[in-house]
Structure formats: structure tokens, C-alpha cells
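Presented below is the structure to which this report refers.
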Amino acid sequence: MCQTCGCGDERVVTVNLHERILKANDSAARHNREHFAAAGVLAINLMGSPGSGKTALIEATARALGSQGLKIAALSGDLATDHDGERLRAAGIPAATVTTGTACHLDADLVHRGLHEIAWQDRDVLFVENVGNLVCPAVYDLGQRANVVALAVTEGEDKPLKYPVMFRSADVVLLTKADLLPHLPDIRVQSFADALAKVMPQSRLLVISARNNQGMAEWLSWLDDRLAESRANSR
Amino acid sequence: MHEYSVVGALIEQVEAQARAHGAIAVRRVCVRIGELSGVDRELLATAYEVFRERTVCAQAALSIEPVSARWECRQCGRELSRQGMLRCVACGSPASLAQGDEILLTQIEMEVD
């Protein structure tokens, strides 16, 4: 009988549920996570605005990790082009582009399909470069071990307050293009950190430049810790 | 605008429930959407209007229950101010979100034979 409107219509049944609407994505993400764990690959979901320096960060990270004998692969989400994939392949990184068409984010199923396009199992780290967007990507679990958000120094100190869902989801925020700071006298790193502390409970901000390698050591050390966790987990 | 893909997933779930219960029509779908879920309630309602045509939800009203964000201290459980730093004022531990990230299907009213 209808319980909600009290109409007494016996043909109406009310079913009470507690189901995540994105449960199909959750199970695809779980599947990806099992693949990553089985292969012992650290999967990073790299998010950020268009132009925040995500691709440059992957290139610089590949160079730095390469000198330690660590190898990476990358999947790039892009609405229309393969430009990021081309850039990454030119840098010697096995990379494929997942073209999303009109979709503003990657989901776990798209990532799973993208994994068939590259040799990633023998790598140490897989970067999933999400579609440039500070809103939608935060909602979808891809099966990653950690979320990294790139935020360029030119984007404005209040960005974390404007996009709290994205920054709450971050395990670390990279303040990119730090080489520009000397040209931006009104921008204070502390203001980014203060804004972040209001939306991210264990806020972690690393100031970094892919151009002059400032902050690269701290970033590599953060990645090393995640690699150690990931390897302990896949044993 | 990921609300379209959220609505797509919602309608698939409603279709599965309607099939399982042998429903001939769905009258109402109730969802719970948290303030920090990343889903915009107005956009969700708009996307639902667009997508429900010619689906099991064609005649079904959508009720959206909002859930406000609530932060608590992970250690001592104290509720924390929404505007401040996400650290406990008493013990300094990081906060955790007690509610406000829900994207849930909670109820379906359906018509059976």
C-alpha cells in the first residue's frame, strides 16, 4: 500500500533503499583497484583546472623518477584531442588518451577501457590525468590509490573555497608554476594554505615547479611513501 | 555537467528495481544529495526532466532530500564550525565529514498489477 501519500491505493508499493546512485561506477573502480594491486602499480588520479600544469607535471615527474630507475605510464582524459597523449609519448612515456566527447570527467569504466591501450603493468606508477575541471572529476572513484590536485599559482588563492568538493577529495595539493611567484607580488603561498585548511581536513600543500624543479624532492618523497604503501598492499 | 550521468545511473537503478518488483509504472523516486557530494540539486532536477522521457520514470516525480555538511572531530566527536579550519578546537585532530557527501537512492513508489 502507498505509505507516502496516504491514498490507500493497494496497487502502489513503496520500496525503501539505501543505494549509492553511482554504485556501478564504484564496482568498476573496485575492479580497477584489484588490477592495480595485482600488478603492484601505484595509480594516481591527477586532477586540476585546464592549464594548471598537469601534463607538464607528469613529464617532469617521469624525468625525475626515471633517474631513480622508476617507470611511469599515463592515461589522459581529454574532451576532443590527443594533444596531451602526444606530448607524453614524445617524452618517452607510454600514454594513451581517453576521449570523453562531451563528458566533463573520467569514470572507472573509461579508465578500464583506456588500460587496454597501453602497457602499464610493468610500470611503477600510473598517472591518470583527468579532464581539466575542478567540479565533476571529484565525484568519480577511478580505482586510484591517491588523488592529487594541481593548482597553479595564477589561479587565485580562494580556489579551494570555491571548489570544496574537489579539494576535500585531495590527498595532496600541488601548487604548480611556482617559478612564476617572483612575478606575482600580490600572491601569498600562505593564503592558499589557509584556504585549503578550511576544506581539506589533513591539508597538504606542496609548492612545485615543473620548469625549475623547485619542490620536486618533496613531491618525489610523497610519491615514494605512496609507492611503499602500494607495494605493502599488493604483497 | 556530470548530473546527466548521475541521472542515467539513477534511472538504470530504478528500472532494475521496477523489474524486480514487477511494477507497471513508477510514481515517485526519492534521492538524498549531500551538500559536499559534488552533485548540484537544481542541475540534477533539470537533467532528470530531460532524461526521464520514454523511460520507466516518465511519470515519476523526483523528490530530492538535501543533506547539509557536518564535520566532526575524528578523535573526540565534537562538532566543528563550518567556516573554520577543519581541525578540532579542543584536541587538534583532523575533522571527518559525518554527513553531507551522500548521493543515494532512498525510496521508490511503484504501481504493481
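What follows is calculated from the coordinates using simple rules that are stated; it is not laboratory data. What you see is a predicted model; the values in this text were computed from it and never measured. Cβ coordinates were reconstructed from backbone atoms using ideal geometry, including for glycine residues, and neighbour counts include every protein chain displayed.
Remark on region B:3-112: ratio of C-alpha radius of gyration to 2.2 N^0.38 Å is 1.36. Each residue of region A:70-76 was assigned a 3J(HN,Hα) from its phi angle through the Karplus curve 6.51 cos²θ - 1.76 cosθ + 1.60 (θ = phi - 60°); the sequence is 9, 10, 10, 9, 9, 10, 10 Hz, with glycine and proline shown as x. Under 5 Å from the amide H of B:E65 lie the amide H atoms of B:V31, B:R32, B:I33, each residue being 5 or more positions distant or on a separate chain, with H modelled from the backbone and absent for Pro and chain starts. Averaged over the residues of peptide B:2-10, the number of Cβ atoms from other protein chains lying within 10 Å of each residue's Cβ is 5. Once the Cα-Cα distance is subtracted from the 0.36 nm per residue extended length, the A:V189 to A:Q202 segment shows a gain of 3.0 nm.
Can you tell which of B:A90, B:I103, B:H21 lies farthest toward the positive end of the dipole of region B:3-112, using +1 and -1 charges on the Cβ of basic and acidic side chains (Lys, Arg; Asp, Glu)? After comparing all options, I get B:A90. For region B:19-64, the list of trypsin sites (Lys or Arg not before Pro) that fall in a loop by DSSP and count at most 11 other C-beta atoms within 10 angstrom reads B:R54. Only Cα pairs under 8 Å and 6+ residues apart enter the sum, and on that basis the relative contact order of chain B stands at 38 percent.
Of the residues A:A232, A:T176, A:A74, the one whose Cα sits farthest toward the positive end of the charge dipole of the protein assembly as shown, with +1 on the Cβ of Lys and Arg and -1 on the Cβ of Asp and Glu, is A:A232.
Other protein chain C-beta atoms within 10 Å of residue C-beta, averaged over A:18-28: 6. Placing +1 on each Lys and Arg Cβ and -1 on each Asp and Glu Cβ, with no other charges, gives chain A a dipole about its Cα centre of roughly 340 debye.
The label-point distance for A:L161 and B:Q59, in a model that sets each label 7 Å from Cα toward Cβ, rounds to 5.0 nm.
Taken about its Cα centre, chain B carries a charge dipole of about 440 debye when Lys and Arg each add +1 at the Cβ and Asp and Glu each add -1 at the Cβ. Each residue of region B:97-104 was assigned a 3J(HN,Hα) from its phi angle through the Karplus expression (A = 6.51, B = -1.76, C = 1.60, θ = phi - 60°), giving 7, 7, 7, x, 10, 6, 9, 10 Hz with x at Gly and Pro. Protection proxy ranking for A:219-228, A:178-187, using the average of other Cβ atoms within 10 Å per residue and placing the highest first: A:219-228, A:178-187. Look at the dipole of chain B built from charges on Cβ: of B:G38, B:C57, B:S68, the Cα furthest out on the positive end belongs to B:S68. Counting only Cβ charges, +1 for Lys and Arg and -1 for Asp and Glu, the dipole size of region A:1-93 around its Cα centre is about 380 debye. Straight-line reach from A:K159: taking Cα to Cα under 29 Å and skipping same-chain neighbours fewer than 8 places apart, the lysines in range are A:K54, A:K177, A:K198. For region A:127-133, backbone phi angles converted through the Karplus equation (6.51, -1.76, 1.60; θ = phi - 60°) give residue-by-residue couplings of 8, 9, 8, 6, 4, x, 4 Hz, Gly and Pro being listed as x. Where a ≥ b ≥ c are the square roots of the eigenvalues of the C-alpha gyration tensor, would you call the protein assembly as shown rounded, which needs a/c under 1.5, or, failing that, prolate if a/b is larger than b/c, or oblate? Judged from the Cα gyration tensor, the protein assembly as shown comes out prolate (a/c at least 1.5, a/b above b/c). Taking N as the residue count of region A:77-235, its C-alpha radius of gyration divided by 2.2 N^0.38 Å amounts to 1.08. Counting Cβ atoms of other protein chains within 10 Å of each Cβ in A:197-207 and taking the mean gives 4. Using the alpha-carbon atoms, what tilt in degrees (0 to 90, nearest 10) does helix B:41-51 show relative to the longest principal axis of chain B? It is inclined by approximately 20 degrees.
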